[in-house]
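Below is one structure, written out as structure tokens, with a few remarks after it.
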Amino acid sequence: MAVYDPPAQDSGTFAHIQWGTTMAPIYGKITGWGAYAPGHIVTNHDLERTLDTSDEWIVQRTGIRERRIAGAQETTSTMAVKAGSSALAKANLPATDLDLILVATSSPDHFTPPVSSQVQAALGASNVPALTIVTGCTGFVYALVVAYQFIATGAYSNILVVGVELLSRFLNWQDRSMCVLFGDAAGAVVVQATDQPCGLKGFVLGSDGSQSQHIIMPAGGSARPFSADVLAEGSHYLQMNGREVFKFATRVVGPASGQALQHAGMGIEDVDWIIPHQANLRIIQAAAREMGLPLDRFVVNIDRYANTSAASIPLALAENLDYRRIKPADTLLLVSFGAGMTWAAAVVQMQPGAE
Ligand SMILES: CC(C)(COP(=O)(O)OP(=O)(O)OC[C@H]1O[C@@H](n2cnc3c(N)ncnc32)[C@H](O)[C@@H]1OP(=O)(O)O)[C@@H](O)C(=O)NCCC(=O)NCCS
């Protein structure tokens with residue numbers, strides 16, 4: 001286990017961290033990745049049997065053909081542990097050597113305890129700090145950016161970042177406007193400190209809470225605690241104003257991508273792959289048009305997994321690394337939007353390559 005033990009501080013300053021100029025830069029290399037999707041596949045045709053919907057409607061409006069749904073014995077933490085264990089195995093890093101675990105999710109096992117601590121215990125990463133990040137579908141990109149800050153300051157060297165979601169337990173399966181859109185999955189990466197230039201080249205994070213009503217679980221929290229009325233209304237289920245979210249997404253994806261690239265001092269031609277949040281194929285197509293790029297520069301797997309929220313980007317990343325479509329030295333643009341409303345974009349070169 002790596003314990004961060006800061007030396008005595010000098011008159012209130014962080015003497016142990018040489019912010020910026022004097023310290024040699026510390027970079028973060030993605031040394032491991034992993035993903036987990038439950039085995040149970042629910043196709044659009046399966047949903048036609050219980051809902052007033054059609055495969056044609058779902059494919060045309062969203063690009064989704066099927067999704068994975070967690071089994072009764074599975075929980076958010078068990079899925080996170082599967083993806084996290086694969087990422088640690090690929091990095092050849094024992095869980096006990098982790099310095100930090102970040103878990104991005106909006107569908108934890110429980111409100112309390114934090115699911116990140118459950119993941120930490122199940123991985124056997126004794127006493128390693130663990131933090132849950134709740135920013136909706138942008139959670140993984142937010143968490144990855146947070147991980148890189150700890151690496152860059154020299155505070156931590158070995159970080160596990162997980163994006164996981166089990167939203168099928170928070171959906172009303174009678175509501176055709178919502179339940180067809182989401183799936184369950186987990187994805188994870190290991191980020192390790194290195195002196196070789198790579199890692200986070202630029203990023204932008206944003207949030208506009210004034211629009212938060214567009215994706216909301218109205219009840220079950222402190223604003224409206226769970227009650228018999230809540231249960232009768234179904235206001236504990238996830239709700240969304242699809243049209244407003246669609247407009248928001250098409251407004252933020254292009255500018256957020258441009259700002260992250262500008263921050264990186266790079267152009268879109270320097271990027272090998274764009275991995276967008278997988279919420280709707282039409283949103284990805286609109287982003288491709290806005291950026292003047294063919295769709296084949298974008299990683300797309302929404303047809304097979306639907307919207308897996310905070311898991312969608314690490315799932316797409318891990319799957320395409322496993323298929324060797326994405327190479328470990330590629331430069332990636334990750335871009336996401338979601339509840340909050342939030343947005344996040346990051347330019348990441350996973351490992352040192354020919355620069
Ligand atoms: C959800 C979404 C696919 C809906 O598409 P849309 O074109 O906006 O469709 P609407 O919600 O306006 O509904 C159009 C009609 O289809 C119907 N409809 C909704 N869901 C349906 C379904 N599963 N099957 C068949 N019909 C459906 C509606 O009832 C409506 O019928 P009406 O015109 O008779 O009232 C789209 O708005 C979307 O993808 N938004 C973004 C969602 C998103 O990105 N969420 C993730 C956030 S991280």
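Look at the Cα gyration tensor of the stretch 50-91: its axes a ≥ b ≥ c give a/c of at least 1.5 with a/b at or below b/c, and that counts as oblate. The H on the amide N of T132, modeled in the peptide plane, is under 5 Å from the matching H of V103, S116, each at least 5 residues off or on a different chain. Taking Cβ atoms as reference points and 11 Å as the exclusive limit, the residues near P38 contribute a net charge of +1, counting Lys and Arg as +1 and Asp and Glu as -1. Quote the FRET efficiency, to the nearest 0.05, computed for T112 versus W173 with a Förster distance R0 of 25 Å and r equal to the Cβ-Cβ distance. Given R0 = 25 Å and the Cβ-Cβ separation, E is 0.40. Fewest neighbouring Cβ atoms within 10 Å first, the residues D322, D296 line up as D296, D322.
Span-like helix check, the chain: qualifying full DSSP H segments, with Cα axial length of 18 Å or more and mean Kyte-Doolittle of 0.0 or more, are 76-91, 139-153. Grab the Cα-Cα distance for A24 and T50, subtract it from 0.36 nm times how many residues apart they are, and report the gain in nm with one decimal. Residue separation times 0.36 nm, minus the Cα-Cα distance, leaves 3.4 nm. For a 24 Å ceiling on Cα separation, which of these pairs sit above it: K29/K82; K90/K327; K29/K247; K201/K327? Flagged as over cut-off: K29/K247. Reported to the nearest whole Å, the Cα centre-to-centre distance from the stretch 210-226 to the stretch 150-169 is 26. For A121 and M217, the FRET efficiency from 1/(1 + (r/R0)^6), where r spans their Cβ atoms and R0 equals 30 Å, is about 0.70.
Placing R0 at 22 angstrom, the Cβ-Cβ distance between D272 and D303 gives a FRET efficiency of 0.50 after rounding to 0.05.
Computed over the chain, relative contact order equals 24 percent, with contacts defined as Cα pairs under 8 Å that lie 6+ residues apart.
In the elastic network of the chain, a GNM with C-alpha springs shorter than 10 Å, the most mobile of A256, A310, A24 is A24. Neighbour counts of other C-beta atoms within 10 Å: give me M217, M341 arranged from fewest to most. Lowest to highest Cβ neighbour count: M217, M341. Taking 0.36 nm per residue of separation and subtracting the Cα-Cα distance, full extension of the segment from H263 to Q73 would add 64.0 nm.
Each of W273, W343 was scored by other Cβ atoms within 10 Å of its Cβ. Listed from fewest to most, they are W273, W343.
The distance separating the Cα centre of the stretch 173-188 from that of the stretch 91-109 comes to 24 Å. Restricting the trypsin sites (Lys or Arg not before Pro) of the stretch 269-327 to loop positions (DSSP other than H, G, I, E, B) with no more than 14 neighbouring Cβ atoms within 10 Å leaves R324, R325.
All of the numbers you see were taken from the coordinates with simple rules; none came from a lab. The structure displayed is predicted, hence computed values, not measured ones. Positions of Cβ are backbone-derived with ideal geometry, glycine not excepted, and every protein chain shown enters the neighbour counts.
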